[in-house]
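Novice: Following this message is one structure expressed as structure tokens.
The values are calculated or read from the model by the stated rules, or taken from the named source; none is laboratory data. Source: prediction; values computed, not measured. With ideal geometry, Cβ positions are generated from the backbone for all residues, glycine too; neighbour counts draw on all protein chains shown. These area figures cover heavy atoms from the full protein model, side chains too; ligands, DNA and RNA do not enter into them. Shrake-Rupley method; radii C 1.70, N 1.55, O 1.52, S 1.80 Å.
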Amino acid sequence: MDQNMNFQTVMLIVGFLMIIAGCYCMIRTYHILKIFIGVEIAMKAVTMFLVLAGYVNGRAGLSQAYVITAIVLEVVVAVVFAGVTIHLYKKYGNMDIRNLTQLKG
Amino acid sequence: MNYLNYAAAVFLLIPIAAIAINNICPKPYMKKNFHTLTGTVAVFQIAAAAYALCAMNANGLTAYDFSILSNLKITGSALFRLTPVSLIFLLCIGMVAFVSVAVASKTVESMRISYVNLLMTMLIGMNGMVLVKDLFTLYVFLDVVGISSFVLISLFRSTKALEGSVKYLVISEFATIFILTALAFIFMQTGSLAYQDIGGVLEGADGSQKNLIYLSIALLIAGFSIKAGAVPFHSWLPDAHQSADTAVSILLSGIVIKIAGVYGLFMVVSLFPGVRAVQIALAAIGVASILTGALLALRQTHFKRIVAYSSVSQIGYILLGLSCGTTVGLIGAVAHVFSHAAFKTTLFSNAAALHEQVGTLDIDKMGGLQSRMPVTSLSSVVAFLSTAGIPPFAGFWSKLLIIIALWTSGSAVLGGVALIASIFTCAYLLRLQKKVFFGETPEHLKNVTEVKGGIKFVEIALTVITSATGILFPLVLIYLQSRGLI
């Protein structure tokens, strides 16, 4: 039991560190693809939380269903993001978000 | 009772059928008739919601479980639930979708097939969100709404549209991360995410478990506030609204921020009733949104930006209504969702009319359009009076209910703030009216004429809805009193 508690705590801390790293990456970089890498890192941590939740409460089947659905949605978002990125690259010739200054106020 | 089951199926099956028809029919034919198809879907949805509301009332039902493909008699097969509140949300969705289509028949020249596909996907997502019975499915439909709105914003691939879309996308990803983390923690404690299993989770928890639950509630509130565009998460909202096509802005401001954001917060409030922390958080976000949105709207010069910041401000009123935790507050919030959907879509259709006829939306370049565009001018005045809460329009009654709820639940100060902030609402909308419709007419605007077709029709229809709801609202209050709700 004690060992189990330790395992959960470790996983929780690792997950939070990954989320913080991902969010820091999203805030601090100016390259669009690097921002998306940050999103992906944080989403992997969230997926791990779902798996951990299924492990803790003993309903691994349900958590499997949740994880697969979450991954599918993540891929769809990735596709949309890539599409927008390609069009921005065609317009500006690079992927720096500091170009995006047309909407202000 | 059987008819109620068919009416319920309309909300999810008809949009799917519309997507199929849209892609099977020959392209030139669909390009010409795209508004007939989508308008029919919206009218069907309005009719089904109104019918189901009457049927549930006649049978005295407060909830009706239904499923689409499986047999209802098997336990756990009913995946969807109709309630009076969700029916009012569905009515708003149908109304806003109809207005968007009517405006799109004028403003959307190319990409019509994609527009219909995305609009129908978004309709499925929003209908699903208000019908589901568990939090994970709510998240799935929330992502469906989000993805279709990212693509709709950047539909015409102008630089501004791509910029607005990218900002919305990145900020929405924060919301997704927050909401999914919260769901994982709640799932860890309860072993299920169905609404009826989450209710008692706070009572059964102790120590560190309780902290995790509180953390997940905070994450849920943050995530849904991002989707609702409430302060301090509002930065994406004016950019996305300004850069999108006006038909898409109507959808975003009229309904998406309310279904994706406010309905989620409504679920949080009803899943964790009476939790003081939730109420304080919602009240703080609400007051900040009201004041910041109104003050920022005062210094904008773009028509759609002013209206977008006004949305931020009005969302604050809805959150204040939710924060009371009383039935009157919830009724006020839902009523304000309806009246906000009506007057905000009116203001955006005015924006579409001005963009069509004048060619710009910069309010410094306009003036004296009242005599040249009488219908647009009159409908925008009615919408402005309703936004500011002047009787007898619909906005007055919903704001009155919210302020009464705040007063009776012991936060009189917040009620006072909500009342005084109405003056700011008057200020920025008066500035808008004065610069666009009154004063001297510049030389280059002498030949402007009134807009025709779909836009004119929805302007008149929405003005009638706003006025009629306001005049007939006492009947609603009498009905609610007879049911013992207020």
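Novice: Going by the conditions given, is residue A:36 free of Cβ contacts under 8 Å to residues at least 40 places away in the same chain, within 11 Å of chain B (Cβ to nearest Cβ) and part of a helix (DSSP H, G or I)?
Specialist: When the stated conditions are applied, residue A:36 does not pass them.
Novice: Somewhere in region B:413-431, is a residue out of contact with any strand residue (DSSP E or B) (no Cβ under 7 Å at 6 or more places or on another chain) and farther than 17 Å from residue B:313 by Cβ?
Specialist: yes
Quick grid of which residues meet (1) within 23 Å of residue B:82 (Cα to Cα); (2) among the charged types (D, E, K, R); (3) under 21 Å from the mean Cα position of the chain (by Cα); (4) exposed (fewer than 15 other Cβ atoms within 10 Å of the Cβ):
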site	(1), (2), (3), (4)
B:12	yes, no, yes, no
B:15	yes, no, yes, no
B:19	no, no, no, no
B:30	no, no, no, no
B:34	no, no, no, no
B:47	yes, no, yes, yes
B:55	yes, no, no, no
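Novice: Determine which single condition residue A:44 fails, assuming it passes every other condition in (1) farther than 23 Å from residue B:164 by Cα; (2) facing chain B (nearest Cβ under 8 Å); (3) not hydrophobic (A, V, I, L, M, F, W, C).
Specialist: (2)
Novice: A further question follows. Quick check, is residue B:441 of a type in the set (S, T, N, Q) and touching a Gly at 6+ places or on another chain (Cβ under 7 Å)?
Specialist: yes
Novice: Could you grab the pairs with beta carbons closer than 6 Å, sequence gap of 6+ or different chains, first residue in region B:324-344 and buried (at least 24 other Cβ atoms within 10 Å of the Cβ), second one outside any helix (DSSP H, G or I)?
Specialist: Taking only residues 6 or more apart or on different chains, the pairs are B:324/B:409.
Novice: Also: Answer yes if at least one residue in region B:347-360 is open to solvent by less than 40 Å² (accessible area, probe 1.4 Å), within 20 Å of residue B:103 (Cβ to Cβ), touching a His at 6+ places or on another chain (Cβ under 9 Å) and part of a helix (DSSP H, G or I), and no otherwise.
Specialist: So far as region B:347-360 goes, yes, one or more of its residues are open to solvent by less than 40 Å² (accessible area, probe 1.4 Å), within 20 Å of residue B:103 (Cβ to Cβ), touching a His at 6+ places or on another chain (Cβ under 9 Å) and part of a helix (DSSP H, G or I).
Novice: Output the number of the condition that residue B:114 fails; it satisfies all remaining conditions of (1) touching a residue at least 60 places away in the same chain (Cβ under 8 Å); (2) more than 18 Å from the chain's Cα centre (by Cα); (3) open to solvent by 20 Å² or more (accessible area, probe 1.4 Å).
Specialist: Residue B:114 satisfies every listed condition except (1).
Novice: On to the next question. For region B:159-173, give me the residue count where each residue is within 7 Å of chain A (Cβ to nearest Cβ) and hydrophobic (A, V, I, L, M, F, W, C).
Specialist: Adding up the residues that qualify gives 4.
Novice: Quick one: residue B:203 ticks every box in (1) touching a residue at least 40 places away in the same chain (Cβ under 8 Å); (2) more than 14 Å from chain A (Cβ to nearest Cβ) except a single one, so which number is it?
Specialist: For residue B:203, the failing item is (1).
Novice: List every residue pair whose Cβ atoms sit under 6 Å apart, with the two residues 6 or more apart in sequence or on different chains, where the first one lies in region B:264-289 and is more than 23 Å from residue B:133 (Cβ to Cβ) and touching a residue at least 12 places away in the same chain (Cβ under 8 Å) and the second, anywhere, is open to solvent by less than 20 Å² (accessible area, probe 1.4 Å) and assigned to a loop (DSSP other than H, G, I, E, B).
Specialist: B:285/B:230; B:288/B:231; B:289/B:230; B:289/B:231
Novice: Moving to a separate point now. Only one residue in B:460, B:402, B:420, B:455 is farther than 18 Å from residue B:304 by Cα and buried (at least 22 other Cβ atoms within 10 Å of the Cβ). Which one?
Specialist: Testing whether each residue is farther than 18 Å from residue B:304 by Cα and buried (at least 22 other Cβ atoms within 10 Å of the Cβ) leaves just B:402.
Novice: Assigned to a helix (DSSP H, G or I) and either more than 7 Å from chain B (Cβ to nearest Cβ) or modelled with pLDDT of 90 or more (or both): is that true of residue A:101 in this structure?
Specialist: Spelling it out, it is not the case that residue A:101 is assigned to a helix (DSSP H, G or I) and either more than 7 Å from chain B (Cβ to nearest Cβ) or modelled with pLDDT of 90 or more (or both).
Novice: If you take just the helices (runs of 4 or more DSSP H) that sit entirely in region B:164-249, which of them hold at least 3 residues that are crowded, with 24+ Cβ neighbours inside 10 Å and among the hydrophobic types (A, V, I, L, M, F, W, C)?
Specialist: Hits in region B:164-249: B:208-228.
Novice: Can you name the number of the only condition in (1) basic (Lys, Arg); (2) more than 11 Å from chain A (Cβ to nearest Cβ); (3) touching a residue at least 24 places away in the same chain (Cβ under 8 Å) that residue B:210 fails?
Specialist: Exception for residue B:210: condition (3).
Novice: Next question. Could you grab me the full set of residues in region A:60-79 that are at the interface with chain B (Cβ under 7 Å from one of its Cβ atoms) and surrounded by fewer than 18 Cβ atoms within 10 Å (Cβ to Cβ)?
Specialist: A:69, A:76
Novice: Does residue A:84 meet the test of being part of a helix (DSSP H, G or I) and open to solvent by less than 20 Å² (accessible area, probe 1.4 Å)?
Specialist: Answer is yes for this residue.
Novice: Shifting gears a bit: Can you find, within region B:130-158, the residue that is farthest from the other protein chains (Cβ to nearest Cβ) among those that are not in a helix (DSSP H, G or I) and not acidic (Asp, Glu)?
Specialist: B:133
Novice: Out of everything in region A:57-105 that is of a type in the set (D, E, K, R) and touching a residue at least 12 places away in the same chain (Cβ under 8 Å), what residue ends up being nearest to residue B:146 (Cα to Cα)?
Specialist: Taking the candidates together, the pick is A:74.
Novice: For residues that are farther than 20 Å from residue B:255 by Cα, within 13 Å of chain A (Cβ to nearest Cβ) and of a type outside the set (A, V, I, L, M), scanning just region B:275-308, find the one that is most open to solvent (accessible area, probe 1.4 Å).
Specialist: My answer is B:299.
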